[in-house]
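**Student:** A single structure is presented below for examination.
The values are calculated or read from the model by the stated rules, or taken from the named source; none is laboratory data. Predicted model only: the values in this text are computed from it and were never measured. Cβ placement follows ideal geometry from the backbone for every residue including glycine, while neighbour counts extend to all protein chains displayed. Only protein heavy atoms, including side chains, enter the accessible area calculation; ligands, DNA and RNA are left aside. Shrake-Rupley method; radii C 1.70, N 1.55, O 1.52, S 1.80 Å.
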2 protein chains.
Amino acid sequence: MARRTRDEALETRHAILDAAELAFQENGVSRTSLAEIAKRAGVTRGAIYWHFENKAALFDAMIQRVFDPLERMLQDLRTHEDDNPVVALRSIAAYYLERVATDPQYVRVLEIAWHKCEYVGEMAVIRDNHLECGNRYLDLNETGFRLAQQRGYLRTDVDPRQAAVGFIALVDGLVVNWTLDGSQFPLGDYGPRCLDAYLEGLKAR
Amino acid sequence: MARRTRDEALETRHAILDAAELAFQENGVSRTSLAEIAKRAGVTRGAIYWHFENKAALFDAMIQRVFDPLERMLQDLRTHEDDNPVVALRSIAAYYLERVATDPQYVRVLEIAWHKCEYVGEMAVIRDNHLECGNRYLDLNETGFRLAQQRGYLRTDVDPRQAAVGFIALVDGLVVNWTLDGSQFPLGDYGPRCLDAYLEGLKAR
DNA sequence: TCATACATACATGCACGAATGTATGTAAAT
DNA sequence: ATTTACATACATTCGTGCATGTATGTATGA
């Protein structure tokens, strides 16, 4: 193929990432070769090595393409619309669950991230990045719960950090189990209600 | 090495499984060769191929060695000690969390199962087995919650299945996140309290 | 009880494919 | 003219599966 223009090159890059999503979802990260991805994307391995350093970098880019916008959403978030910060935390989590339940790209990438890759070697670095992001989210929730407690919305006998840990575990657990077997329960339906049940147990009486 | 007796052969088998646990935890399932496992176990690949058909069968055996006893515990379980079946469900889950928090073998195997393998190809069959087991556990919880609701222990406005789904998601989420990064929170401490918070939100008023 | 025949529990070696990384070719965009 | 955006070709590594070797445990019959 002849040389393509800048925009076309960007299209190629996205085509590769799209192909990688589908291939990884079907066969797992370690069992899909770059040749397989190239074939699906209608290019050769040369194109992949042009755009990405190696498979780990390609994987990282695939993840970031989906989660970078989400992270940015988290940063310019106003948690001060309601006096009870838990309201905001709940709506963030509910939005996330709804997004996962409806956006097929989210489903693909989350299924890959949770069940179709091994966080080892070069991949471990990628995991650490997301762990860091997860820690920020944990802190966000913890301070929210702590504030709610000070304002009398939360029971005084629970540790705010523990409340945050449980809340995040619930969200992650729902996504992990649903991406493992979507026929077990409707995520968009059950998810938010489970959140409400958990938060109900934390409310001050 | 000369031929070993039956008991010694069993020891070899367990040595291979032990070595596989450590190797898989360090380098992931797909990136550890059978040669590496053999080296750690002090044998050669011949021994592994004698005891197991291939890597997938070895992985399956490694999982079953840990979870078969747990499954058997679930089966001869008496849930009728307390009038409220949720009490039993809570104690099962709490026992599981405590076990994970204290038994290093559980930690290894769960870390591998959740984060260091790809459920694809021959592995998918193994995953399906555990999904089936998970479904039985889900049913157990669902009927427990339903019974509790009939007996007036549970709020009438929640779906028992949804309650069960959330409960299991919470347990799995705690384990998944803790095996991902054990420094985030103390599982043995926070885990049971998170369960209580969730169950508190389901109680009838 | 003891010799024999067979099964067992591995070790060793080889052939094969598969995947990666890189070096190089190439034609068009800039 | 030079860089870009790939395609092509090649070398190398690595793991698997299998075939085969081998020495000993174990059961069996006389």
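**Student:** Would you be able to say whether some residue in segment B:142-163 is of a type in the set (A, V, I, L, M, F, W, C), at pLDDT 95 or above and under 19 Å from the mean Cα position of the chain (by Cα)?
**Tutor:** No: zero hits.
**Student:** Given the criteria open to solvent by less than 10 Å² (accessible area, probe 1.4 Å), in contact with a strand residue (DSSP E or B) (Cβ under 9 Å, 6 or more places away or on another chain), within 12 Å of chain A (Cβ to nearest Cβ) and not aliphatic (A, V, I, L, M), does residue B:201 qualify? Steps first, please.
**Tutor:** On the way: open to solvent by less than 10 Å² (accessible area, probe 1.4 Å): yes; in contact with a strand residue (DSSP E or B) (Cβ under 9 Å, 6 or more places away or on another chain): yes; within 12 Å of chain A (Cβ to nearest Cβ): yes; not aliphatic (A, V, I, L, M): yes.
Against the criterion (open to solvent by less than 10 Å² (accessible area, probe 1.4 Å), in contact with a strand residue (DSSP E or B) (Cβ under 9 Å, 6 or more places away or on another chain), within 12 Å of chain A (Cβ to nearest Cβ) and not aliphatic (A, V, I, L, M)), residue B:201 qualifies.
**Student:** Could you tell me which residue of segment A:25-59 is nearest to residue A:116 (Cα to Cα), considering only residues that are more than 11 Å from DNA strand C (Cβ to nearest atom) and in contact (Cβ under 8 Å) with a residue 24 or more places away in the chain?
**Tutor:** The first filter runs over segment A:25-59 and keeps only residues more than 11 Å from DNA strand C (Cβ to nearest atom), leaving A:25-26, A:28, A:40-43, A:51.
Still in the list and also in contact (Cβ under 8 Å) with a residue 24 or more places away in the chain: A:25, A:28, A:41-43, A:51.
On the way: A:25: 7, A:28: 5, A:41: 20, A:42: 23, A:43: 24, A:51: 23 Å.
Ranking the candidates gives A:28 first.
**Student:** Please note which helices (runs of 4 or more DSSP H) are completely contained in segment B:1-110 and include at least 1 residues that are within 16 Å of DNA strand D (Cβ to nearest atom), more than 14 Å from chain A (Cβ to nearest Cβ) and not charged (D, E, K, R). Spell out how you get there, then give the answer.
**Tutor:** Numbers: elements: B:6-27, B:34-41, B:45-51, B:55-75, B:85-102.
Ranges flagged: B:6-27, B:34-41, B:45-51, B:55-75.
**Student:** Restricting to segment B:172-183, and then to whatever is more than 7 Å from chain A (Cβ to nearest Cβ) and open to solvent by less than 30 Å² (accessible area, probe 1.4 Å), can you tell me which residue is nearest to residue A:159 (Cα to Cα)?
**Tutor:** B:175
**Student:** Let me ask you something else. Would you mind stating whether residue B:165 is open to solvent by less than 20 Å² (accessible area, probe 1.4 Å), part of a helix (DSSP H, G or I), among the β-branched types (Val, Ile, Thr) and at the interface with another protein chain (Cβ under 7 Å from one of its Cβ atoms)? First the steps, then the outcome.
**Tutor:** Working: open to solvent by less than 20 Å² (accessible area, probe 1.4 Å): yes; part of a helix (DSSP H, G or I): yes; among the β-branched types (Val, Ile, Thr): yes; at the interface with another protein chain (Cβ under 7 Å from one of its Cβ atoms): yes.
In short, yes.
**Student:** Okay, next question. How many residues are among the aliphatic types (A, V, I, L, M), assigned to a loop (DSSP other than H, G, I, E, B) and touching a helix residue (DSSP H, G or I) at 6+ places or on another chain (Cβ under 6 Å) when one looks only at segment A:117-162? Spell out how you get there, then give the answer.
**Tutor:** Pass one, segment A:117-162, residues among the aliphatic types (A, V, I, L, M): A:120, A:123-126, A:131, A:138, A:140, A:147-148, A:154, A:158.
Narrowing the set further to residues that are assigned to a loop (DSSP other than H, G, I, E, B) leaves A:120, A:158.
Next cut, touching a helix residue (DSSP H, G or I) at 6+ places or on another chain (Cβ under 6 Å) only: A:120.
So the answer is 1.
**Student:** May I ask you to say which residue of B:187, B:154 is over 25 Å from residue B:116 (Cβ atoms), aliphatic (A, V, I, L, M), more than 7 Å from chain A (Cβ to nearest Cβ) and buried (at least 19 other Cβ atoms within 10 Å of the Cβ)?
**Tutor:** That would be B:154, the only listed residue that is over 25 Å from residue B:116 (Cβ atoms), aliphatic (A, V, I, L, M), more than 7 Å from chain A (Cβ to nearest Cβ) and buried (at least 19 other Cβ atoms within 10 Å of the Cβ).
**Student:** Which is charged (D, E, K, R) and within 13 Å of DNA strand C (Cβ to nearest atom), of A:4, A:72? Before the answer, list the steps.
**Tutor:** Values: A:72 fails: within 13 Å of DNA strand C (Cβ to nearest atom).
The match here is A:4.
**Student:** Tell me, please, whether a residue that is within 16 Å of DNA strand D (Cβ to nearest atom), open to solvent by 40 Å² or more (accessible area, probe 1.4 Å) and touching a residue at least 40 places away in the same chain (Cβ under 8 Å) can be found in segment A:122-141.
**Tutor:** Scanning segment A:122-141, I find at least one residue that is within 16 Å of DNA strand D (Cβ to nearest atom), open to solvent by 40 Å² or more (accessible area, probe 1.4 Å) and touching a residue at least 40 places away in the same chain (Cβ under 8 Å), so the answer is yes.
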